[in-house]
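Only one structure is covered here, and it is reproduced in the block below.
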Amino acid sequence: MHQLTIEPGRAEHHYWKDLWKYRELFYFLAWRDLLVRYKQTLVGIAWAFLRPALTMMVLTVVFGKFAKLPAAGVPYPILVLCGMLPWQFFSTALAECGNSLVHNSSLVSKIYFPRLIVPASSVIVSLVDFMVSASILALVLLWYQYLPSAHIFFLPLFVGLAFAAAFGVGLWIAAFMVRYRDFRLIVPFMVQIGFYITPVAYLYREVVPEKFLLLYALNPMVGVIDGFRWCVLGGQHVLYWPAQAITVGWTVLLITTGIWYFRRVERTFADVI
Amino acid sequence: MDHSVITVENLSKRYIIGHQRAPTDGVRHVIEAAVRSPFRWLRSRNQEKKAQREEFWALNDVSFDVKRGEVVGLIGGNGAGKSTILKILSRITEPTKGRIQLEGRSASLLEVGTGFHPELTGRENIFLNGAILGMSKEEIKRKFDEIVAFSEIEKFLDTPVKRYSSGMYVRLAFAVAAHLDPDILIVDEVLAVGDVTFQKKCLGKMQEAQARSRTVLFVSHNLSAVEAFCTRGIVLSKGRVVFDGPTKPAIQHYLDSLRGTRPPSYGDVIDLCAFGSRPDRYPPQLRTLRLYDETGRPLGGNLSAGAGMKATIHVELEQPAANVNAEISFLTLDGDRVCTASSAYEKCRDESRLSGSVVFRCEIPSLPLVAGDYKLNVGLYIGQTEADLVEDAARVAVSWSDYYGTGVAPMHGVFLLNNRWAVATAADMVLA
């Protein structure tokens, strides 16, 4: 017979067990968000493809043609895509994750489930979007007849890193957002600033002065994008190890503290949301 | 059968209603506070907290247990703690103290259609909502046809629910919930929605659950629904259990508590001389009022809707008079007159001269009033002139009854109208 005891602090005990028990709800929420994302749109999922394609063109023209930033012998669109795809994934995941609890407030205040499911499933949705968008990279590589190096097999590793970084930051924002709706305004601002201080549309090794390189690399997305370029561009692009170390460090820190903080405050979500 | 499936022990829930709480909800205020008194945190923190925060115990040491197959109604006014109990039972918030032991799968319906997404179709929402309420995918697949049949929306299964009428929406939502089939069902006000037939269908579903010895915990402001289903009532007031027992007395207890303490005018023999509400100009000619139920037993202040009652009014006339009439009028607590019983309406009334001590006997075969409290005014007329009047002489609590024999009767309005209906489609009319 199924038994359940409700006591102060009890939810803490079987938190991870509950998380496993509610995995089906997790799938359903992700499935719902995917379904809803492109409902009542004319071209549907093609938006996941169109958006990066158009952005790529604009960035190539502005940074490659107008600003004539160095490309180190790589077709500029490829260079841009390697930065833009992970960045778009990170920024949309971050925004969706941050808003997820507030958007699902009716669920949070009416039904019990480990709240961690909500931000997690929202990041999954962004990941699916990213997968679709990534196909544009394959097309562009074909167009330029550019053969990526064997490093490409390490790509999932960096996708995972981007995922973890987005989830870590997203958890903090989601938890804060429940009480402080200011983050609804802060997040778009963060994303906008982030775009410029992240090597989305340029090769930072060519642009950022050597002595500021380490400071620049404090942005966790620098390591991720560096990794993406290393995977796709191969030999000509050398991995900048300090950036990698910083990114991994950040990610581990953000995820652990994010989960810790989230769990600490989640019991009060229903009361304050 | 006498196995406890819900055991609640010393349950308490505290909320902090800080008077400073609301303005701190925003980063600006946090920063502002920090800037205004940057060293505040150095000061005694406890003192600060005490000054700003006020504790509010939404539940205070609540204990009860529910046996398998019981349908328990939680009754209480706003802020009594009903919703808090449900929230804790559904694990939305944690208790501050105490514990609850639940045996068996429980499902809570704090709202129908929780998690329905307007953009998704009916079909998609059945799966989503089922998952949210705790059904597995297999289970939903198995019950899918049954759910659709119950909701009567087959035709619109692939239409986004945002295009549904509110009735369809609720039907679909309830259909999913009704097929949860848990051992313990926790329901909050779900029946307040939908049309009457659908409500009946839902109630039927709940009774079915009870028949299969499911346990139901039901919260509603609809006392008639509570009386119709629940086998037991628990009355909450200010976070405490104030009554726990059979449904009828529980409802009565709740109604009594609404009035505060029962005024003396609820007695069966009312000394009309003692009322200060009598206008000064009248000498007290109305002496006593006695109230009985239809069988002649003292009324006790309670009457079920549609039941009859009897009253006797004892009058001491100052001087002999002809055309003397007594009347009893029923008023709502707001003071609106509902109806009046008067000896003046009697066909063969006594118009001869009366003197001294007179007793008027009144019989009301049926008082079809909607459940609620009513006050009685007693008046004396000589000819067309009012000779004495006692306002709010007595009160009668009319309780819900199955007046129409259909299990449904209005909770609004003032009196129960006798009515008959025939329903025919246009096609039937042509054939007829």
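Among B:121-132, B:239-250, how do they line up from the highest to the lowest mean number of other beta-carbon atoms within 10 Å?
B:121-132, B:239-250
Does anyone have the angle between helix A:241-266 and the longest principal axis of chain A? Alpha-carbon axes, 0 to 90°, nearest 10?
It works out to around 20 degrees.
Once you order the gyration tensor axes a ≥ b ≥ c over the Cα atoms, which shape class does the protein assembly as shown get: rounded for a/c under 1.5, otherwise prolate or oblate by comparing a/b with b/c? Write down the numbers at each step before the final one.
Working: a/c = 3.04, a/b = 2.41, b/c = 1.26.
Taking the square roots of the gyration eigenvalues as a ≥ b ≥ c, the protein assembly as shown is prolate.
Return the distance in nm (one decimal) between the two label points of a simple spin-label model at A:Thr5 and B:His3, each offset 7 Å from Cα along Cα→Cβ.
Taking the simple label geometry, A:Thr5 and B:His3 are separated by 1.9 nm.
Of the lysine pairs in chain A, how many meet both conditions: Cα atoms under 29 Å apart, and a spacing of 8 or more in sequence or different chains? Can you show the working numbers first?
Working: A:Lys17/A:Lys110; A:Lys21/A:Lys110; A:Lys39/A:Lys110; A:Lys65/A:Lys211; A:Lys68/A:Lys211.
Lysine pairs meeting the criterion: 5.
Give the calculated FRET efficiency between B:Asn418 and B:Ser357 to the nearest 0.05, with a Förster radius of 56 Å applied to their Cβ-Cβ distance.
E between B:Asn418 and B:Ser357, to the nearest 0.05, is 0.90.
When we measure straight from the Cα of B:Lys310, which lysines land under 26 angstrom away, once same-chain ones fewer than 8 places off are left out?
Excluding near neighbours in sequence, the set is B:Lys248, B:Lys347, B:Lys375.
Among residues other than A:Ala71 whose Cβ falls under 13 Å from its Cβ, what is the net charge (Lys/Arg +1, Asp/Glu -1)?
Numbers: positive: A:Lys65, A:Lys68, A:Arg205, A:Arg229; negative: A:Glu206.
Combined, the nearby Lys, Arg, Asp and Glu give +3.
First measure r as the distance between the Cβ atoms of B:Ser342 and B:Cys273, then evaluate 1/(1 + (r/R0)^6) with R0 = 25 Å and state the FRET efficiency to the nearest 0.05.
The formula returns an efficiency of 0.70 here.
Pop out a list of residues from segment A:109-158 that are at least 50 Å² less accessible with all the protein chains around than in their chain alone; 1.4 Å probe, no ligands or nucleic acids counted.
A:Lys110, A:Ile111, A:Tyr112
Once the other residues with Cβ under 15 Å from the Cβ of B:Lys205 are scored (Lys, Arg +1; Asp, Glu -1), what is the net sum?
That sum, taken over residues with Cβ under 15 Å, equals +2.
From Cα pairs below 8 angstrom and at least 6 apart in sequence, can you work out the relative contact order of segment A:15-272, rounded to a whole percent?
Relative contact order comes out at 27 percent.
Along the positive direction of the dipole of chain A (beta-carbon charges: Lys, Arg +1; Asp, Glu -1; about the Cα centre), which of A:Trp31, A:Thr92, A:Asn219 reaches farthest?
A:Trp31
Spin-label point model (7 Å from Cα, Cβ direction): what's the A:Glu210 to A:Trp260 distance in nm?
3.9 nm
Pairs of Cα atoms under 8 Å, at least six residues apart: use those to get the relative contact order of segment B:264-399, whole percent.
31 percent.
Considering only C-alpha atoms, what is the centroid distance from segment B:353-371 to segment B:283-335, in Å?
Each part reduced to its Cα centre gives a spacing of 5 Å.
Pick out which of A:Val58, A:Val159, A:Val132 has the largest mean-square fluctuation in a Gaussian network model of chain A, springs linking Cα atoms closer than 10 Å.
Comparing A:Val58, A:Val159, A:Val132 in the GNM, the peak value goes to A:Val58.
Just how large is the dipole of segment A:155-273 about the Cα centre, in debye to the nearest 20, putting +1 at every Lys and Arg Cβ and -1 at every Asp and Glu Cβ?
The dipole magnitude comes to about 280 debye.
Between A:His14, A:His151, A:His237, where does the largest GNM mean-square fluctuation fall for chain A, given springs only between Cα atoms within less than 10 Å?
A:His14
Modelling each spin label as a point 7 Å along the Cα-to-Cβ direction, I'd like the A:Met57/B:Gln384 distance in nm, to one decimal.
According to this spin-label approximation, the distance is 9.4 nm.
What number, in percent, do you get for the relative contact order of segment B:375-432 if the mean sequence gap of Cα pairs under 8 Å and at least 6 apart is divided by its residue count?
21 percent
Quick check: the angle from helix A:155-179's long axis to the longest principal axis of chain A, C-alpha only, nearest 10 degrees?
Once rounded, one gets 50 degrees.
How large is the accessible surface per residue of chain A, computed with a 1.4 Å probe and reported in Å² as a whole number?
So chain A comes to 47 Å² accessible per residue, rounded to a whole number.
Considering every residue in A:266-273, what mean count of other chain Cβ atoms within 10 Å of its Cβ is obtained?
Mean inter-chain Cβ contacts per residue within 10 Å come to 3.
Once the other residues with Cβ under 12 Å from the Cβ of A:Gln40 are scored (Lys, Arg +1; Asp, Glu -1), what is the net sum?
That works out to +3.
With only Lys, Arg, Asp and Glu charged, each at its Cβ (+1 for the first two, -1 for the last two), find how big the charge dipole of the protein assembly as shown is about the Cα centre; round to the nearest 20 debye.
Magnitude of the dipole: close to 2360 debye.
Mind checking A:26-37 for the average number of partner chain beta-carbons within 10 Å of each residue's beta-carbon?
Mean inter-chain Cβ contacts per residue within 10 Å come to 4.
Give me a single rounded figure for B:91-101: the average over its residues of other chain Cβ atoms within 10 Å of their Cβ.
The per-residue average across the peptide is 6.
What total accessible surface area, summed over both chains, is buried at the interface between chains A and B, computed with a 1.4 Å probe and given in Å² to the nearest 100?
3700 Å²
Averaging over every viewing direction, what projected area does the convex hull of the Cα atoms of segment B:264-399 cover, in nm²?
7.8 nm²
Considering only A:Tyr261, A:Tyr22, A:Tyr112, give the residue with the highest GNM mean-square fluctuation for chain A, with springs between Cα atoms whenever their separation is below 10 Å.
Result: A:Tyr112 has the largest fluctuation of those listed.
The values are calculated or read from the model by the stated rules, or taken from the named source; none is laboratory data. Predicted model only: the values in this text are computed from it and were never measured. Using ideal geometry, Cβ is built from the backbone for each residue, glycine included, and neighbour counts are taken over all protein chains shown. Each accessible area value is taken on the protein alone, full model and side chains, heavy atoms only, with ligands, DNA and RNA left out. Shrake-Rupley method; radii C 1.70, N 1.55, O 1.52, S 1.80 Å.
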